[in-house]
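One structure is given here, and the rest of the page talks about it.
Taken together, the values in this text are just the output of simple stated rules run on the coordinates, not laboratory data. Owing to the predicted nature of the structure, the values given are computational and were not obtained by experimental measurement. Note: ideal-geometry Cβ built from the backbone for every residue, glycine included; neighbour counts use all protein chains shown.
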Amino acid sequence: GTSCGNHGEKTNPLPNVRNIIAVGSGKGGVGKSTIAVNLAVSLAQTGAKVGLIDADLYGPSIPTMFGLENKRPEVVDKTIIPIEKYGVKLMSIGFLIESDNPVIWRGPMASSAIKQFITDVAWGELDYLIFDLPPGTGDIQLTLVQTLPVNGAVIVTTPQDVALADVSKAVTMFRKVNVPLLGLIENMSYYLLPDGSKDYIFGKGGGEKFAKAQGITLLGSIPIGGSIREGGDSGKPVVVESPDSIAAKAIDTAASEV
Ligand code: ADP
């Protein structure tokens with residue numbers, strides 16, 4: 001919709017993108033990028049046109065998760081051509097800097113980098129443009145909602161982290177800027193034992209309880225385990241490498257609800 005976010009009545013720089021979705025988290029290391037990548041690829045597997053922006057400028061992981069380290073995008077007439085893999089058009093600061101070169105920008109530079117990812121990249125027509133946000137509630141999140149009409153946000157957490165104030169803060173931030181909350185994904189929910197039973201190593205039901213208390217949907221619970229981590233490290237997302245795994249199916253279900 002055109003009235004989402006606090007984007008107000010400004011001109012939408014991406015009128016040919018139907019759905020803009022932000023994937024956020026309270027803190028880092030909960031699997032936000034893993035979920036954003038797999039949601040994007042899952043949506044592309046259904047035939048949708050999908051783009052993914054790695055807005056985690058200080059810890060870009062999209063190049064590794066797609067097996068695209070050291071790739072450089074083409075630039076034509078001052079427009080960056082996004083790199084495409086598994087049917088997803090990609091943009092990451094990792095494609096523009098050396099991987100051992102940390103980003104040490106201040107907020108305003110980070111904001112202008114995100115704006116350039118939006119306006120200087122040839123996104124074309126898309127059904128979904130997904131933003132893998134940095135953890136927390138900072139400049140980059142604000143820049144996104146001020147630049148684009150964000151249609152919805154997905155929050156990623158682990159079972160024990162829902163007890164922390166960070167996750168509530170992320171939810172509150174999206175509410176404040178009028179971005180609808182599409183739901184919560186609980187990652188690392190349990191470990192699947194060889195006999196098929198579940199070991200809730202980080203406690204059981206945290207995500208469900210939090211979602212209920214906040215009045216948001218629990219979109220899925222993703223187990224902790226080999227296939228999803230190997231996928232991230234080897235550049236083959238679990239929805240590509242092990243589409244019949246519990247993790248991949250949970251992500252496909254969540255993707256169908258966003
Ligand atoms: P964030 O974006 O929240 O910082 P990442 O997606 O980069 O987190 O994940 C952090 C690490 O945890 C990565 O090495 C990733 O492969 C791994 N990981 C994420 N989710 C799972 C899971 N469900 N099971 C096993 N490893 C996971």
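Cβ crowding within 10 Å ranks 76, 23, 238 as 76, 23, 238, fewest other Cβ atoms first. Across 81, 228, 155, mean-square fluctuation computed from a Gaussian network of the chain (C-alpha pairs under 10 Å connected) peaks at 81. When the Cα positions of 14, 102, 147 are compared along the charge dipole of the chain, 147 comes out farthest toward the positive end, with charges on each C-beta of Lys, Arg, Asp and Glu. Here the residues 105, 123, ranked from fewest to most Cβ neighbours within 10 Å of their Cβ, fall in the order 105, 123. Near the amide H of residue 129, within less than 5 Å, lie the amide hydrogens of 19, 20, 21, 51, all on another chain or at least 5 residues away, with H placed in the peptide plane. Taking every alpha-carbon pair under 8 Å whose residues sit at least 6 apart, region 61-113 reaches a relative contact order of 33 percent. Of 85/198; 89/249; 49/176; 115/169; 32/249, which ones are farther than 28 Å apart at the Cα? Table pairs above 28 Å Cα-Cα are 85/198; 49/176. Within the listed set 34, 217, 158, the Gaussian network model of the chain (springs between alpha-carbon atoms below 10 Å) gives the highest mean-square fluctuation for 217.
Report relative contact order for region 17-257 in percent, whole number only (criteria: Cα-Cα under 8 Å, sequence separation at least 6). Worked out over region 17-257, it gives 27 percent. Positive contributions from Lys and Arg (+1) and negative ones from Asp and Glu (-1), summed over other residues with Cβ under 12 Å from the Cβ of residue 112, come out at 0.
Find out how many positive minus negative residues lie around residue 25, taking Lys and Arg as positive, Asp and Glu as negative, among other residues whose Cβ is under 15 Å from that of residue 25.
Values: positive: 27, 32, 169; negative: 54, 56, 132, 161, 166, 186.
Combined, the nearby Lys, Arg, Asp and Glu give -3.
For the chain, modelled as a GNM with alpha-carbon contacts under 10 angstrom, which of 84, 186, 98 fluctuates the most? Greatest mean-square fluctuation among the candidates belongs to 98. Scoring 65-72, 170-177 by mean Cβ neighbours within 10 Å over their residues and listing the highest first yields 170-177, 65-72.
When a footprinting reagent is the concern and you count Cβ atoms within 10 Å, what order do 131, 202 take, fewest first? Intermediate results must be reported in sequence, preceding the final value.
Values: 131 26, 202 19.
Placing the least packed residue first, the sequence is 202, 131.
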